[in-house]
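Read through the structure below, which is laid out as C-alpha cells, and then see the notes.
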Amino acid sequence: MVDEGLIEKFALTIEPFITQESPEIDEHMEGKRCPLSLGSSSWKTVINALVHRDWTRAVDIEATNYSDRLEVISPGKLQNSMTISKMVAGQRSPRNTLIVKSFVIMPMLIHEAGGAPR
C-alpha cells in the first residue's frame, strides 16, 4: 500500500467543508449540502493557499466556509517586491516553484494514467 501524498491528505481533510447548499429541501425541510468538484473555484482557492503558502512558518492555512463566501488565509506576506497592484496587472512571482510545477503537470499525469480527479 502506498501512503497518500500531502495533496491527497489535504483534499480528504478539507473535502467535507468545501460544499455548496442545494436549492432543494428534503421532506424534513432541511437543505442538502453537496460537495464541490475539484475543478471548482473553491477548490482552486484552497489548493492555491497550499501551493503558495510560506512553508518557513509553522502556521496553519485557515479556511472558513460561510453561507455566502469562502475565506482562505494562507500564512506569509507577499514576497519580495510583489504588490497587489502588480498581481492585478498580471505579474507573477511564485514562492514555491517546484510545488507550482508539480500542480501544472499533475492533471496531465492523471489523464495519461486514464484516471480523473474525484
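Given 0.36 nm per residue, what is the gain on full extension from K44 to K77 after removing their alpha carbon distance, in nm? Walk me through the numbers on the way to the answer.
Working: separation 33, 0.36 × 33 = 11.88 nm, distance 1.96 nm.
Gain in length upon complete extension: 9.9 nm.
On a full-extension model of 0.36 nm per residue, what is the gain between T56 and C34, subtracting their alpha-carbon distance, rounded to one decimal in nm? Let's see the in-between values first.
Details: separation 22, 0.36 × 22 = 7.92 nm, distance 3.48 nm.
Extra length from T56 to C34 when fully extended: 4.4 nm.
Gain in length, D26 to V88, computed as 0.36 nm per residue apart minus the alpha-carbon separation, to one decimal in nm? Kindly include the intermediate steps, with their values, before the conclusion.
Details: separation 62, 0.36 × 62 = 22.32 nm, distance 4.28 nm.
Stretched fully, the D26-V88 segment lengthens by 18.0 nm.
For the residues S42, S102, what sequence is obtained by ranking on other C-beta atoms within 10 Å, fewest first?
In order of increasing Cβ crowding within 10 Å: S102, S42.
At 7 Å along the Cα-to-beta-carbon direction for both T13 and S67, put a label point, then send me their distance in nm to one decimal.
It is 2.9 nm.
Kindly rank 78-88, 51-61 from highest to lowest mean number of other beta carbons found within 10 Å of each residue. Numbers along the way, then the final one.
On the way: 78-88: 10.2, 51-61: 12.5.
My ranking of the peptides, most packed first, is 51-61, 78-88.
Please sort by residue number the GluC sites (Glu not before Pro) in region 22-107 whose DSSP state is loop and whose Cβ has at most 11 other Cβ atoms within 10 Å. Let's see the in-between values first.
Values: sites: E24, E27, E30, E62, E71; in loops: E27, E30.
Filter output for region 22-107: E27, E30.
What lysines could a cross-link reach from K86, if we take a straight Cα to Cα line under 17 Å and drop same-chain neighbours fewer than 8 places away?
Here the lysines satisfying the reach criterion relative to K86 are K77.
Bear in mind that the values in this text are calculations on the coordinates, not laboratory data. Every value quoted in this text rests on a predicted model; they were computed, and no experiment measured them. Cβ sites come from the backbone with ideal geometry, for glycine too, and all protein chains shown count toward neighbours.
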